[in-house]
Amino acid sequence: MDTKERILEAALLLFSEKGYLGATTKEISRTAKISEVTLFRHFQTKENLFINVIEHYSFLPKLKELLPELKDYPLEDSLKTLARTFLESLRIKKALIRIMLSEFPRYPEIIKKSYQKTIENIHNELSQYFQKIQKKGLIKETLSSYLLSQAFLGLFFSYFHAKEIKGLNFRESLADDEIIEHYVEIFLKGIKKESPLKET
């Protein structure tokens with residue numbers, strides 16, 4: 001692991017424990033076993049370090065890696081794989097998400113804008129995938145591919161938020177794979193192109 005990676009890993013750990021507002025660059029440097037000068041040489045400011053943590057541990061790198069592998073998969077299988085990977089990505093940084101949800105209103109504007117940009121980049125990437133599926137004639141061309149991305153990831157983020165962050169019990173006790181199967185089926189019913197009626 002190189003120095004930059006060690007800093008990011010230590011920063012994720014401490015931001016997850018203490019939040020952006022509570023963690024200090026001195027503590028992060030100590031955890032990464034480097035000097036504070038080295039930390040600032042790589043990331044310049046605490047804000048910039050936090051932005052890099054958000055980007056590095058976001059769903060975007062994994063999504064970019066995954067989408068080329070799914071191009072020949074059946075649509076339903078692809079969506080299930082995307083949902084499963086998205087939930088895994090959220091769980092890796094569950095503690096950070098929990099703290100960010102409470103701290104976010106007090107963040108510097110630069111962090112808020114960068115976070116928004118990361119979310120937009122994720123939706124832009126997934127939106128391109130939906131556009132390709134539309135061109136194949138598998139889903140309705142009239143639907144906004146960007147809104148499809150928001151709706152799809154929103155389904156699973158709301159499930160993660162309710163279960164993992166709020167600790168709510170669901171009326172139907174289903175395993176993750178069963179939840180994914182149901183949600184994907186519901187999503188597909190709304191977006192799939194209807195087959196033309198056969199002449200009788």
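The values are calculated or read from the model by the stated rules, or taken from the named source; none is laboratory data. Because the structure is predicted, anything quoted here is derived from the model rather than measured. All Cβ positions, even for glycine, are placed from backbone atoms using ideal geometry, and neighbour counts span all protein chains on display. Keep in mind that these areas ignore ligands, DNA and RNA; they rest on the heavy atoms of the full protein, side chains included. Shrake-Rupley method; radii C 1.70, N 1.55, O 1.52, S 1.80 Å.
Structure notes:
- Residue check for Lys26: among the basic types (Lys, Arg) and more than 23 Å from Leu155 (Cα to Cα): yes
Residues checked against (1) more than 30 Å from Ile186 (Cα to Cα); (2) aliphatic (A, V, I, L, M); (3) in contact with a helix residue (DSSP H, G or I) (Cβ under 6 Å, 6 or more places away or on another chain):
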position	(1), (2), (3)
Asp2	yes, no, no
Lys18	yes, no, no
Thr24	yes, no, no
Ile28	yes, yes, yes
His56	yes, no, yes
Asp72	no, no, no
Leu82	no, yes, no
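- Here is the figure for the range 2-48: residues that are under 26 Å from the mean Cα position of the chain (by Cα), of a type in the set (A, V, I, L, M, F, W, C) and assigned to a loop (DSSP other than H, G, I, E, B) total 1.
So that you can scan it fast, the table gives a plain yes or no per residue for (1) closer than 30 Å to Leu126 by Cβ; (2) open to solvent by 10 Å² or more (accessible area, probe 1.4 Å); (3) of a type in the set (A, V, I, L, M, F, W, C):
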residue: Lys18; (1), (2), (3): no, yes, no
residue: Thr24; (1), (2), (3): no, yes, no
residue: Lys33; (1), (2), (3): no, yes, no
residue: Glu36; (1), (2), (3): no, yes, no
residue: Phe43; (1), (2), (3): yes, no, yes
residue: Lys46; (1), (2), (3): no, yes, no
residue: Glu55; (1), (2), (3): yes, yes, no
residue: Phe59; (1), (2), (3): yes, no, yes
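- Condition met for Lys64 (among the basic types (Lys, Arg), modelled with pLDDT of 95 or more, assigned to a helix (DSSP H, G or I) and under 30 Å from Ala10 (Cβ atoms)): yes
- Restricting Lys46, Lys33 to residues that are basic (Lys, Arg) and at positive phi narrows the list to Lys33.
- Answer from Lys140, Lys113, Lys135, Lys192 - the residue that is touching a strand residue (DSSP E or B) at 6+ places or on another chain (Cβ under 7 Å) and of a type outside the set (A, V, I, L, M, F, W, C): Lys192
- Evaluation of Lys189 against the conditions (1) more than 20 Å from the chain's Cα centre (by Cα); (2) under 30 Å from Thr45 (Cα atoms); (3) among the charged types (D, E, K, R) shows that the sole unmet condition is (2).
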